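The values are calculated or read from the model by the stated rules, or taken from the named source; none is laboratory data. On a predicted model such as this, the values are computed, not experimentally measured, just so you know. Note that each Cβ is placed from the backbone with ideal geometry, even for glycine, and that neighbours are counted across all protein chains shown. Calculation scope for accessible area: heavy atoms of the full protein, side chains included, ligands and nucleic acids excluded. Shrake-Rupley method; radii C 1.70, N 1.55, O 1.52, S 1.80 Å.
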Amino acid sequence: MDDRVKVTMSDGIADVRLVRADKMNALDAAMFDALVATSGRLAHEKGLRAVVLSGEGRAFCAGLDMDRFAAMKKGGNRVAGGESRDLTARTHGLTNFPQQAVWGWRQLPVPVIAAIQGVVFGGGFQLALGADMRFLAPDARMSIMEIKWGLVPDMAGTPILANLVRDDILRELTYTGRIFSAQEALSYGLATRICDDPRAAAFEVAREIAGKSPEAIRAAKRMLNNLAIDPGPALLAESVEQMKLLGSANQLEAVRANIEKRAPRFTDV
């Protein structure tokens, strides 16, 4: 796990770092495994007060590993964890395994602050959504990029987005997959603040939280989580729609076209 996610603890704050910098912290099977295992372990960590989640190198997380898209080009529909799975199976309460890589941070009993630099695309964007707060560097760029590959966001992002973003903005970003700036993210409600040094700012806030009553902080997170819409139907709907798309003719054509750097030739359904 240490070659994907590293955790250090100090004064009740967990410093959680994605450490696949050579691949811009892209999500491969090992990264999914590490994210799920890490949030699961921290959920039972005694003395935990807050979490800072960040990525080493020039990006927070570039999204799904390109090797997975290359496998899709050949007609495969492998998903996180290494083998083909029924995405509609609920393996972690309300979620399937890939969704838990994001939802696990939302479920942690303490606040999670994502410190974000560089690109935050697709699955990486959804991972950032799992945090309670998102501190962005001025040069950060985000995208709900799944449409580029003929897919929909299916890593627990949609029920979180529904509580953050105006409906028409969310639809535009989802339908187009366009890349947007940190300044736009702030105006849309997707960034908590823009900081020259997101990690330093995140730790400053984490230390402030760590100095508050731990029972009150945990109670506040439970209360605020309960304000959200019921996530169960939305999480299942993500999986149902993705299962329909994975391996379909048009989804494979989207992947081939992107890898071959040409315009896609879609067929009418």
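Cβ-Cβ below 9 Å, separation at least six or inter-chain, first residue in the stretch 146-163 and without any contact (Cβ under 8 Å) to a residue 40 or more places away in the chain and farther than 22 Å from Asp67 by Cβ, second polar (S, T, N, Q) and open to solvent by 10 Å² or more (accessible area, probe 1.4 Å): which pairs?
So the pair list comes out as Leu161/Thr174.
Of all residues in the stretch 174-190 being in a helix (DSSP H, G or I) and among the small types (Gly, Ala, Ser), which is surrounded by the fewest Cβ atoms within 10 Å (Cβ to Cβ)?
Going through the qualifying residues, I end up with Ser187.
Take Gly130 and tell me if it is among the small types (Gly, Ala, Ser), within 23 Å of Val19 (Cβ to Cβ) and buried (at least 24 other Cβ atoms within 10 Å of the Cβ).
Here the answer is yes, as Gly130 does meet what is asked.
Is there a residue being modelled with pLDDT of 95 or more, surrounded by fewer than 16 Cβ atoms within 10 Å (Cβ to Cβ) and not in a strand (DSSP E or B) anywhere in the stretch 136-157?
yes
Which condition from (1) open to solvent by less than 30 Å² (accessible area, probe 1.4 Å); (2) closer than 21 Å to Asn225 by Cα; (3) within 15 Å of the chain's Cα centre (by Cα) is the one that Val110 breaks?
Status for Val110: all satisfied but (3).
Residues Arg193, Arg171, Arg166: which one is open to solvent by 20 Å² or more (accessible area, probe 1.4 Å) and touching a strand residue (DSSP E or B) at 6+ places or on another chain (Cβ under 9 Å)?
After ruling out the rest, the residue left standing is Arg193.
For Ser39, work out the one condition from (1) crowded, with 16+ Cβ neighbours inside 10 Å; (2) of a type in the set (Ser, Thr, Tyr); (3) under 18 Å from Phe203 (Cβ atoms) it doesn't fulfil.
Answer for Ser39: the failing condition is (3).
Filter the stretch 15-35 down to the residues that are outside any loop (DSSP other than H, G, I, E, B) and open to solvent by less than 20 Å² (accessible area, probe 1.4 Å) and list them by number.
Matches in the stretch 15-35: Val16, Leu18, Leu27, Met31, Phe32, Ala34, Leu35.
So how many residues does the stretch 201-236 have that are open to solvent by 50 Å² or more (accessible area, probe 1.4 Å) and part of a helix (DSSP H, G or I)?
Going through the stretch 201-236 one residue at a time, the tally reaches 13.
Of all residues in the stretch 56-104, which are assigned to a loop (DSSP other than H, G, I, E, B), closer than 19 Å to Ala37 by Cβ and either open to solvent by 50 Å² or more (accessible area, probe 1.4 Å) or modelled with pLDDT under 95 (or both)?
The answer is Glu56, Asp65, Val79, Ala80, Gly81, Gly82, Glu83, Arg85, Arg90, Thr91, Gly93, Leu94.
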